[in-house]
Amino acid sequence: MRVGILSYPMLFQREGGLQIQVSSTIAALQRLSVPGLRVELVDPNRQRLDQFDLIHVFSAINGNHRLVELAAELGVPLVLSAVLSPGWSRLDGMRARLADRLAGRITGWNVQTSYAQIKRALQLSQLVIALGAAERDAIVRAFHTPREKVRVLPNGISPHFFDAQPDKFRQHTGLSGPFVLMVGAISPYKNQLGLLQALAGTGLPVVLIGRAQRQHQGYLQQLLAMPRVRWLGQLEHADPLLASAYAAASVLALPSQGEVFPLSVLEALAAGTPVVMTDESALSLPDSAFALKQLRWKDSAGMRLALTQLAERPPERAAVRALVERYSWQRVAEQIVACYTEVQQQEACRVV
């Protein structure tokens, strides 16, 4: 079985969670060495989708519905990793369908909303992968996708985060005491400013790691003008300094307006560091309340309390690591192969 993996064209122009997910998935699938299985990244400028036995598309947004439509037109079975916000509710879906109908009528059906495009991609896919139960429920309730069509497969964690040590980061920055770390793109959506405002007067330094795009340079300068803030810029996912930063931090903060299944949270936990994050996420870990606090992103008081308590009384790092020890990319790859096999068998039965 030859499997082609692809997403929107600009994906690999910068590093982010989805890019890491795609790269790590491909590498893990190739390491499995399953007889007869060939997995590769599709070059849409040189390769046709019908050169593959199965297509795996990552993300239901950014125009990827066109990829799904083309695969359906060519008769190539397709698996879709939706990567959708778990914040979609049944009511949101009703409103979005109404807006889509209104937009269609006003424009003579020449304009289609992003909701309609996502729903189309979900409908045409043979199998849909969600990163967590919350995302699955959003896909089912808001987009009317049959529940039996959705599989829940979380992301994996690279092994070097489990072995991370704080020394390299301490030496690089000179920080020796407790601090709060935030890893993610510098933007109002990620809410770094809300984090800094919540921690005002606590004396806790904040280290920011992430890229600031041109339109967010003013926002970055606003952050840097605040006391006890240090920005390290973008660090590559494989950079040992990033793993060391997770290990050195007292607590990771991610108070963004929404996340699907944030790798930075998994990586921090793998390094033994507790986390305070938004509750708009697909991430759910059993018995994790001692090390993982999930709050409304606007809850400044709750964020301040949770961050200071974890910084003052950190949980045992070994216990924190244990929360995510099962999240290996090998396990993810094995489950994805099972999805490919299931779709292949469905197609064989359909042809017969």
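What to note about this one:
- Accessible surface, segment 283-352, averaged per residue in Å² (probe 1.4 Å): 60 Å²
- Accessible-area composition of segment 159-255, carbon plus sulfur, in percent [1.4 Å probe]: 52 percent
- Segment 240-276 and segment 172-231: distance between their alpha carbon centers, rounded to Å: 14 Å
- Gyration tensor (alpha-carbon) shape descriptor, segment 74-125, a/c threshold 1.5: oblate
- By the rule of a C-alpha distance below 25 Å, with chain neighbours fewer than 8 residues away ignored, the lysines paired with Lys119 are Lys149.
- Ordered from largest to smallest accessible area (heavy atoms of protein chains, 1.4 Å probe), the residues Asp50, Asp287, Asp137 come out as Asp287, Asp50, Asp137.
- Sites Glu312 and Gln344 - FRET efficiency at Förster radius 56 Å, r taken between beta-carbons, to 0.05: 0.55
- As a fraction of the 1.4 Å probe accessible area of segment 53-130, surface on carbon and sulfur atoms comes out at 52 percent.
- Close amide-amide hydrogen proximity is noted between Leu295 and Met277, Thr278, Asp279, each under 5 Å apart and 5 or more residues distant or on a separate chain (H modeled in the peptide plane; Pro and chain starts excluded).
- Here Glu73 sits with roughly 150 square angstrom of accessible surface, probe radius 1.4 Å.
- Considering helices alone, the calculated mean residue ellipticity of the chain at 222 nm is -12500 deg cm²/dmol, with DSSP H runs of length four and up weighted by -39500 (n - 2.57) and normalised per residue.
- Spacing of the modelled spin labels on Met1 and Arg214, each 7 Å from Cα toward Cβ, amounts to 4.4 nm.
- List Val152, Val265, ordered by accessible area with a 1.4 Å probe, largest first: Val152, Val265
The values are calculated or read from the model by the stated rules, or taken from the named source; none is laboratory data. Computed from a prediction, not measured in an experiment: that's the story for all the values here. As a convention, Cβ positions derive from the backbone with ideal geometry for all residues, glycine included, and neighbour counts pool all protein chains shown. Quick note on the areas: whole protein, heavy atoms, side chains included, nothing else; ligands and nucleic acids left out. Shrake-Rupley method; radii C 1.70, N 1.55, O 1.52, S 1.80 Å.
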